[in-house]
Amino acid sequence: MASRQKAKQFPDFIKIRQWLNSLKRYLVAGFIVSASALKRLLKTISKHQKLFLVLLLLLFLTLVTFAAIAPGTHTFEGNIISQEMSFVYNGQQPKRFIENIRGIKELESEGIQTLTFTGKFQSQLLPQLNQSKSLKIQLKDRESKWIIAPANPEVTSEIELNELRLQPNTKVTELNYDFYRNQLAFSLQRNPKLDLKNNPNLLKLYLGEQSIKIIVEGYELLDSNLQNQLDNQTPLEFILNPDNQEFNLEIPQNNDIYITLAKPAKYESEQWFRGKIKTKNVQFIDVDRNGSDLRDDLDVSTIVEGKIRMVGQEQEIKQNQFVMGENPDTPLNIQLIRHLQIVPKKGIEARFSGRTKQIQIGLDQDFPVSRIQGSWLDGVLPRDAIIALFSFGAATIPNLVSWLFSNASKSASKP
């Protein structure tokens, strides 16, 4: 049985070997013919200087033409006003993001964190707290929150946000300003693979010298004597006369922050955000979620207006249009947000820069209507010079090729 199988396989091996030998002969013959033709052409050109110069010119124009067509990566800049935006901080060191927000009417923070207050307490719900000089509270889950506000809403608030410092790879999402509520809101998200406890985001507040009201929900009191006196399902509310006006809050995990101002934001809002934020994955969209199936999610543009420029070209961005990079499903590669500020009655303005091969703009992410794309030559010459060279090369190359082969054949036929 084995001998019959070998007999069947043997003719197939012979056919494959014959095919390989034939292919080898064709390749060798083709190489010899090509080498011979190239040798004759070079020999002819070496005898005729004019043909050599024409060949050099043809090669130069061909390279210029391809360089004017081949896409290149270029720096772009722009400014966009949006109702909401998000980005990932891509720096290597902690970065000061927000500062000097004064006259805070109410500050609300949601997420897992530990709070420590010191001073004189007043609480009707928990009278035992009135005898304490310090209180440590653990917010247990993502839905936990605490609210701080002046105890007397009629007086001018002294509560200030001195500084919010971001750790590398922190994602800032849903950054927006509600002009009706006079409220700045955003969410901080951390990568769970990082050592979050040793690298928390840091929020620094100034509480002022007035009494403040604090409300806590979803908590656990770390003082066992106080913990036994209270049902954790009941929100804890108390008045505090702080010993220390400086209050530092470490935010190790995901957290939502809402800052409501006593007055509308005006010129002082230009000083809220620090510039030169190294970024990645910058987006001006809001995800409309109407169900549990992710396939039902709908991206909605939050852009109000804007402009973007690259390689001497500028495009205006209209309301509700999307701005994409080289592919419709990837965001534009914005690497640096140079400036952020609140624009009254419009939204948050971001001035930015980055590098890309192509910018796409349109009301639908899958069907962009405007594009900015630069060639490799755009990084070397002005746009007008490129157009002139490309037009000259496109018109000249066919004539040079025709002239070159015509004269080369004539020269080769002469004895």
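The values are calculated or read from the model by the stated rules, or taken from the named source; none is laboratory data. The shown structure was predicted, so the numbers you read here are calculated from the model rather than taken from an experiment. Glycine gets a Cβ as well: all are built from the backbone with ideal geometry, and neighbour counts include every protein chain shown. Quick note on the areas: whole protein, heavy atoms, side chains included, nothing else; ligands and nucleic acids left out. Shrake-Rupley method; radii C 1.70, N 1.55, O 1.52, S 1.80 Å.
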Which net charge results for the neighbourhood of Phe121, defined as the other residues with beta-carbon distances under 15 angstrom from its beta-carbon, given Lys and Arg at +1 and Asp and Glu at -1? +1
Which value, in Å² rounded to 10, gives the accessible area of Tyr219 with a 1.4 Å probe and all protein chains present? 0 Å²
State the extension gain, in nm to one decimal, for the chain segment bounded by Leu298 and Glu270, taking 0.36 nm per residue of separation less the distance between their alpha-carbons. 6.9 nm
Asn100 neighbourhood, Cβ < 9 Å, K/R = +1, D/E = -1, net charge -3
The answer for the net charge of residues other than His339 whose Cβ lies under 13 angstrom from its Cβ, with Lys and Arg +1 and Asp and Glu -1, is +1
By accessible area of protein heavy atoms, probe 1.4 Å, what ranking do Glu110, Glu326, Glu154 get, highest first? Glu154, Glu326, Glu110
In nm, to one decimal, how far is the Glu154 label point from the Thr116 one, both placed 7 Å along Cα→Cβ? 3.7 nm
Say each of Arg338 and Lys263 gets a label point 7 Å from the Cα, pointing the same way as Cα to Cβ; how far apart are those two points in nm? 3.1 nm
How compact and how long is the range 320-362, expressed as Rg and Dmax of its alpha-carbon atoms in Å? 12.0, 34
Ranked order, Thr173, Thr75 - accessible area, probe 1.4 Å, largest first: Thr75, Thr173
Hydrodynamic radius of the range 294-374 per Kirkwood, over alpha carbon pairs, in Å: 13.5 Å
Describe numerically, in nm with one decimal, the distance between label points set 7 Å from Cα along Cα→Cβ at Lys133 and at Lys280. 4.9 nm
So how many Å³ per residue does the convex hull of the Cα atoms of the range 99-181 work out to? 161 Å³
